[in-house]
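So the structure is just underneath, and the comments pick up after that.
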Amino acid sequence: HHLPAFFIEKTAAVSEICAFDFAALTHYDEPARRHTVVAATGDPDLIAASLERAFPDNAGLCAMVVKNRAALPPGGELRDRQAGVPVFDEQTRLYGCESLIVLPLLYNEAAAGTLVVASRTERLFTKDRLDILHGIAAQRRRYPACGASRPGGSAAAPGPHHPGRTAPDRRAARIVVR
């Protein structure tokens, strides 16, 4: 799988301002009311659990961000970590991350998908970093579907992005699919 250039640009910009353990790009198909994880990078276990996952509109963070065209959770801080966070849907919960932000990718004022950034680091998303992340997500370039509708159109990149950090504990963050 090759990563869409659009996603590479976004995650490269994000990695310039903060070290993350997982990032994903979702595409929203409005007529079908379905979301698909079309690209992911970072922790291999998180990629394996999320890449190509498709889900309908629901109460998960990605769907709520698309619906409201606003980032969640507020301030990028998780409240109830023990219960796991339904990033994509109720059946897919993210555990072990201290900081998480799901940003809307807007095209012509509509949300065309989301940019998900997660980290094991507490309070990673300062106000300044959040402002920059909002800017990265809101860049007014045409948002491509990233090949979500064609076979083999999604992609994964190996390895987490940790500028100047040692290898993370692989057991710390996980996505559990029930």
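Give all pairs with beta carbons closer than 6 Å in which a residue from the range 34-51 that is without any contact (Cβ under 8 Å) to a residue 24 or more places away in the chain meets a residue that is surrounded by fewer than 23 Cβ atoms within 10 Å (Cβ to Cβ) and not polar (S, T, N, Q); count only pairs at least 6 apart in sequence or on separate chains.
Filtered contacts from the range 34-51: 34/54; 34/56.
Quick check: anything in the range 50-60 assigned to a helix (DSSP H, G or I) and among the aliphatic types (A, V, I, L, M)?
Looking for residues that are assigned to a helix (DSSP H, G or I) and among the aliphatic types (A, V, I, L, M), one finds none in the range 50-60, hence no.
Looking only at the range 61-78, which residues are in a loop (DSSP other than H, G, I, E, B) and at pLDDT 90 or above?
If the condition is that a residue be in a loop (DSSP other than H, G, I, E, B) and at pLDDT 90 or above, then 69, 70, 71, 73 are the ones that fit.
If you go through the range 54-93, how many residues are in contact (Cβ under 8 Å) with a residue 60 or more places away in the chain, closer than 25 Å to residue 139 by Cβ and open to solvent by 10 Å² or more (accessible area, probe 1.4 Å)?
Of the residues in the range 54-93, 1 are in contact (Cβ under 8 Å) with a residue 60 or more places away in the chain, closer than 25 Å to residue 139 by Cβ and open to solvent by 10 Å² or more (accessible area, probe 1.4 Å).
Would the range 113-127 turn up any residue that is over 19 Å from residue 49 (Cα atoms), open to solvent by 10 Å² or more (accessible area, probe 1.4 Å) and part of a helix (DSSP H, G or I)?
Yes, the range 113-127 contains a residue that is over 19 Å from residue 49 (Cα atoms), open to solvent by 10 Å² or more (accessible area, probe 1.4 Å) and part of a helix (DSSP H, G or I).
Considering only residues of the range 4-53 that are of a type in the set (D, E, K, R) and out of contact with any Pro (no Cβ under 9 Å at 6 or more places or on another chain), which is least open to solvent (accessible area, probe 1.4 Å)?
10
Could we say that residue 116 is in contact (Cβ under 8 Å) with a residue 12 or more places away in the chain and touching a helix residue (DSSP H, G or I) at 6+ places or on another chain (Cβ under 6 Å) here?
The answer is no for residue 116.
If only one of 132, 136 is more than 18 Å from residue 41 (Cβ to Cβ), surrounded by 11 or more Cβ atoms within 10 Å (Cβ to Cβ) and at pLDDT 50 or above, which one is it?
132 is the lone residue from the list that is more than 18 Å from residue 41 (Cβ to Cβ), surrounded by 11 or more Cβ atoms within 10 Å (Cβ to Cβ) and at pLDDT 50 or above.
Quick check on residue 81: is it under 16 Å from residue 60 (Cα atoms), at pLDDT below 75, of a type in the set (Lys, Arg) and part of a loop (DSSP other than H, G, I, E, B)?
Spelling it out, residue 81 is indeed under 16 Å from residue 60 (Cα atoms), at pLDDT below 75, of a type in the set (Lys, Arg) and part of a loop (DSSP other than H, G, I, E, B).
The values are calculated or read from the model by the stated rules, or taken from the named source; none is laboratory data. Just so you know, these numbers come straight off a predicted model, no measurement behind them. Neighbour counts are summed over all protein chains in view; Cβ atoms, including those assigned to glycine, are modelled from backbone coordinates with ideal geometry. Heavy atoms of the whole protein, side chains included, go into the accessibility calculation; ligands, DNA and RNA do not. Shrake-Rupley method; radii C 1.70, N 1.55, O 1.52, S 1.80 Å.
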